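A.B. asks: Following this message is one structure expressed as structure tokens.
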Amino acid sequence: MGEVSRGARALVVCPDIRGISYDLDSQSRLAEAEGLALAIGIVIAESFVLPVREVRPNLLFGAGQVENIRIACEQNEAELVVIDGALTPIQQRNLEDKLARKVIDRTGLILEIFGERAATAEGRLQVELAHLDYQQSRLVRSWTHLERQRGGFGFLGGPGETQIEADRRMIRQRMGRLRKELEQVRKTRGLHRERRERAPWPVVALVGYTNAGKSTLFNRLTGAEVMAEDLLFATLDPTMRAIALPGVEKAILSDTVGFISDLPTQLVAAFRATLEEVTSADVICHVRDISNPSTGAQKAQVLEVLRDLGVIEEGEASSIPILEIWNKWDQLAPETAEELASQIEGAEDIVALSALTGEGVDSLLERLGEMLTRNAALRTFEVPASDGRRIAWLHAHGEVIEDVAAEEGAATRLITVRLNPKELGQFEALN
């Protein structure tokens with residue numbers, strides 16, 4: 001991507017445009033903008049909400065407001081200005097000219113995050129496609145070599161093909177190739193299913209709205225020092241760690257990028273593609289911030305994306321078991337907690353906990369163990385004592401109940417082990 005340098009000092013400006021209806025109030029939107037900036041390593045020198053009574057087509061803000069932004073940049077030694085909104089290429093270029101600093105908008109910020117986060121083939125292709133589309137109209141602003149021109153004879157079409165025209169043509173060609181590659185990737189989507197069948201250990205994926213506490217829970221379960229601050233998109237790297245569960249010697253826990261409100265339209269496909277790894281999970285944990293007043297709306301958005309990914313099918317049936325985790329229980333008022341507890345009493349697909357304090361985590365581990373071993377059955381295998389590979393596999397992947405010599409001096413061992421159908425198929429494939 002290369003749009004933003006980590007460690008850059010930035011001014012974060014949240015335009016509050018009169019007449020526009022926002023999902024969140026201005027201070028909440030400013031906090032979200034700060035979270036986006038921090039998520040890609042930007043140092044926030046100052047941030048503020050700027051009321052906009054009338055949108056100026058050339059600058060978005062009024063001349064006086066632009067001058068105030070410029071002064072604030074100088075006072076705070078800011079080299080970057082982050083605008084929490086969509087800027088047209090003209091507005092972005094003119095603001096850079098007036099402020100003598102790099103300017104980036106919300107779409108550019110989120111693209112940076114997705115670029116770091118995309119883990120699957122489709123994810124990387126979708127992010128690159130979205131980035132090229134974004135850059136195509138901003139070549140004048142963001143490319144450093146635009147003054148150069150390629151040779152021409154001068155009497156047809158002026159001085160020849162300018163570098164910017166050549167760059168636009170190259171971008172269009174690259175986007176065409178990416179779309180063909182994406183089509184091929186979609187045709188081979190079944191490979192994810194095959195990968196899931198081959199995976200040596202069950203995979204548990206954490207999904208949920210940004211700031212729901214996924215990374216805090218991940219750290220609680222794995223002991224990993226994953227970045228888990230009160231930030232949007234705190235998780236930047238595809239994070240997977242091994243954990244032990246009751247009845248399951250080893251499972252892989254995967255943390256995913258958080259969902260976000262008001263996602264720019266051109267980034268929707270890229271965002272969903274970054275989540276495609278979820279489709280190869282054995283269990284999905286939907287982490288919810290149950291203390292958030294908007295938790296119901298957030299749940300609906302998460303389920304909508306899972307539906308688009310094909311995890312939830314017609315009739316709300318899920319092809320992958322989903323366990324709902326009601327997190328931040330410690331932040332609830334006692335009467336609210338009591339009321340919610342009565343609602344989920346006896347529910348097998350909901351666990352209440354606090355990732356911060358650890359309350360309820362043991363119940364989560366037990367429930368996950370039950371879900372992963374639900375179809376497991378006891379089986380006894382007679383294995384040659386010399387077949388260390390198969391003996392080790394049974395100990396690594398199943399719950400071994402007994403491992404004894406078949407008889408005195410025998411060259412075989414009788415191993416009684418609890419395996420689910422998937423594990424049984426994997427073991428039989430070792431023969």
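A.B. asks: If you check every pair at least six apart or on different chains, which have Cβ atoms under 7 Å apart with a residue in region 81-93 that is farther than 19 Å from residue 30 by Cα first and a residue that is modelled with pLDDT of 90 or more second?
C.D. replies: Close Cβ pairs satisfying both conditions: 90/58; 91/58; 91/59; 91/60; 92/103; 92/105.
A.B. asks: Please work out if residue 330 is open to solvent by less than 70 Å² (accessible area, probe 1.4 Å) and among the acidic types (Asp, Glu).
C.D. replies: It is true that residue 330 is open to solvent by less than 70 Å² (accessible area, probe 1.4 Å) and among the acidic types (Asp, Glu).
A.B. asks: Something else about it: Hey, residue 125 hits all of (1) at pLDDT 80 or above; (2) surrounded by fewer than 20 Cβ atoms within 10 Å (Cβ to Cβ); (3) farther than 25 Å from residue 10 by Cβ but one; which does it fall short on?
C.D. replies: (2)
A.B. asks: Residues that are assigned to a helix (DSSP H, G or I) and among the acidic types (Asp, Glu): does region 79-94 have at least one?
C.D. replies: no
A.B. asks: Another question about this same structure. Working only within region 18-51, note down all residues that are farther than 26 Å from residue 258 by Cβ and surrounded by fewer than 18 Cβ atoms within 10 Å (Cβ to Cβ).
C.D. replies: Within region 18-51, the first condition is being farther than 26 Å from residue 258 by Cβ, and the residues that meet it are 18-19, 50-51.
Within region 18-51, 18, 19, 51 meet the criteria.
A.B. asks: When only residues in region 422-431 that are open to solvent by 40 Å² or more (accessible area, probe 1.4 Å) and more than 16 Å from residue 248 (Cβ to Cβ) count, which is modelled with the lowest pLDDT?
C.D. replies: Among them, the one singled out is 431.
A.B. asks: Right, here's the next one. In region 280-319, which residue that is over 22 Å from residue 215 (Cα atoms) and part of a strand (DSSP E or B) is least open to solvent (accessible area, probe 1.4 Å)?
C.D. replies: 312
A.B. asks: Within region 191-202, does at least one residue satisfy the condition of being outside any helix (DSSP H, G or I), modelled with pLDDT under 75, open to solvent by 90 Å² or more (accessible area, probe 1.4 Å) and not acidic (Asp, Glu)?
C.D. replies: no
A.B. asks: Which members of region 243-257 meet the condition of being within 10 Å of the chain's Cα centre (by Cα) and modelled with pLDDT of 75 or more?
C.D. replies: Residues satisfying the conditions are 255, 256.
A.B. asks: Is it the case that residue 167 is at pLDDT 75 or above, open to solvent by 30 Å² or more (accessible area, probe 1.4 Å) and either hydroxyl-bearing (Ser, Thr, Tyr) or within 30 Å of residue 103 (Cβ to Cβ) (or both)?
C.D. replies: No; evaluated as a whole, the condition is false for this residue.
A.B. asks: For region 320-421, which fully contained strands (runs of 3 or more DSSP E) count at least 2 residues that are out of contact with any helix residue (DSSP H, G or I) (no Cβ under 8 Å at 6 or more places or on another chain) and modelled with pLDDT under 90?
C.D. replies: Per the criteria, 377-384, 399-405, 412-419.
A.B. asks: Let me confirm something: among 413, 374, 418, which residue is in contact (Cβ under 8 Å) with a residue 60 or more places away in the chain and open to solvent by 40 Å² or more (accessible area, probe 1.4 Å)?
C.D. replies: When all the criteria are applied, what remains is 418.
A.B. asks: Any idea which residue in region 220-242 is most open to solvent (accessible area, probe 1.4 Å), counting only those that are modelled with pLDDT of 50 or more and out of contact with any strand residue (DSSP E or B) (no Cβ under 9 Å at 6 or more places or on another chain)?
C.D. replies: Per the criteria, the residue is 225.
A.B. asks: Still on this structure: Looking at region 58-76, can you tell me whether even one residue there is within 25 Å of residue 212 (Cβ to Cβ) and outside any loop (DSSP other than H, G, I, E, B)?
C.D. replies: No, region 58-76 has no match at all.
The values are calculated or read from the model by the stated rules, or taken from the named source; none is laboratory data. Bear in mind that the values here come from a model prediction, so they are computed numbers and not experimental data. FYI the Cβ positions are ideal-geometry reconstructions off the backbone, even for glycines, and counts take in every protein chain you see. When the accessible area is computed, the model is the full protein with side chains, heavy atoms only, and any ligands, DNA or RNA have been set aside. Shrake-Rupley method; radii C 1.70, N 1.55, O 1.52, S 1.80 Å.
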